[in-house]
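Enquirer: Just dropping this structure here.
Please treat every number below as a calculation from the coordinates, not as lab data. In this text, all values refer to a predicted model and were calculated from it rather than measured experimentally. Neighbour counts run over all protein chains shown; Cβ positions are idealised from the backbone, glycine included.
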Amino acid sequence: METDALVEELNLLWEPIRPYLARQVEELYGRKDGHVLEIGPFSGLIFALAQEKVGRSFSIAAFPSATISLFQREARRLALEDRVRIIESDSSLAGIADDHVDLAIFRGALFFPTLFRVDLGAVYRTLRAGGLAVVGGGFGKHTPPEVISRIGKRSERLNAAMGRVRVTAESVRDQVRSTHLEERCEITTEGGLWVVMKK
């Protein structure tokens, strides 16, 4: 199966997880306003945030380019095509302005080095003063075990097929240090492995 098809299946498989993960992100964000940006091929959480009215405006920095049509189809299916803007981008967030984003989400960011290189500096660049980024992955701390068990095995197989690597909190800490953003970042293992970045 080609990577594009794997990404599409994984994103749709994770749809039942989104409301629970959105709750964790909303708790971290602590606001209902602002511009929300989701980054990369494993997007879709932004649709749940838009439905829950967490944020005032919404966009996806989509890459690779094959994912654009996937997100457009999903936005149409959920009747959110007028609310969620899909922008062709890359891992350096080309096309996303500096100091423009209040909440950035980048799921799968730390685990797929064969698909893209994570640029934490680029994520930080896009944040407004007071902005927050949630970068990493996991089912989230609110997702019930029975929901996870329904998708867990298939999700694991799809992740493996896309070259997912195991990372530790310590290796992520090293990555954060290398970008000189350690004072702006907190690493949490609640519901996964996440870098929570504040500007």
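Enquirer: Return the FRET efficiency for the residue pair Arg128, Ala5: r is the Cβ-Cβ distance, R0 is 30 Å, and the value is rounded to the nearest 0.05.
Expert: FRET efficiency, Arg128 to Ala5: 0.25.
Enquirer: Which of the lysines could a cross-linker bridge to Lys198, judged by Cα under 28 Å and excluding same-chain residues fewer than eight apart?
Expert: The qualifying lysines are Lys32, Lys53, Lys141.
Enquirer: Fully extended, how many nm does the chain gain between Ala94 and Arg154 (0.36 nm per residue separation, minus their Cα-Cα distance)? It would help to have the intermediate numbers written out before the result.
Expert: Working: separation 60, 0.36 × 60 = 21.60 nm, distance 3.25 nm.
Using 0.36 nm per residue and subtracting the Cα-Cα distance, I get 18.3 nm.
Enquirer: May I ask you to derive the FRET efficiency for Gln51 and Glu183 from their Cβ-Cβ distance with R0 = 35 Å, giving the value to the nearest 0.05? Write down the numbers at each step before the final one.
Expert: Values: r = 34 Å, r/R0 = 0.98.
Computed FRET efficiency for Gln51 and Glu183: 0.50.
Enquirer: Return the distance in nm (one decimal) between the two label points of a simple spin-label model at Glu81 and Glu190, each offset 7 Å from Cα along Cα→Cβ.
Expert: Reported label-point gap for Glu81 and Glu190 is 3.8 nm.
Enquirer: Going by average Cβ density within 10 Å per residue, which order do the peptides 146-152, 120-126, 4-10 take, highest to lowest? Could you put the intermediate results ahead of the total?
Expert: Working: 146-152: 13.0, 120-126: 20.9, 4-10: 17.6.
By packing density, highest mean first, the sequence is 120-126, 4-10, 146-152.
Enquirer: For region 20-62 and region 75-145, write down the distance between their C-alpha centroids in whole Å.
Expert: 9 Å
Enquirer: Next up: Select from Leu93, His180, Gly136 the residue farthest towards the positive end of the dipole of the chain; place +1 on Cβ of Lys and Arg, -1 on Cβ of Asp and Glu, and compute about the Cα centre.
Expert: Gly136
Enquirer: To the nearest 20 debye, what is the magnitude of the charge dipole of the chain about its Cα centre, counting +1 on the Cβ of each Lys and Arg and -1 on the Cβ of each Asp and Glu? Could the numbers behind the result be given before it?
Expert: On the way: 27 positive and 27 negative charges, 64 e Å.
For the chain, the charge dipole is close to 300 debye.
Enquirer: Still on this model: What is the distance, in nm, between label points placed 7 Å from the Cα along the Cα-to-Cβ direction at Val167 and at Ser69?
Expert: With each label point 7 Å from Cα toward Cβ, the separation is 3.0 nm.
Enquirer: By the scheme Lys and Arg +1, Asp and Glu -1, what is the net charge of all other residues having a beta-carbon under 10 Å from that of Pro64?
Expert: Around Pro64, the charge tally is -3.
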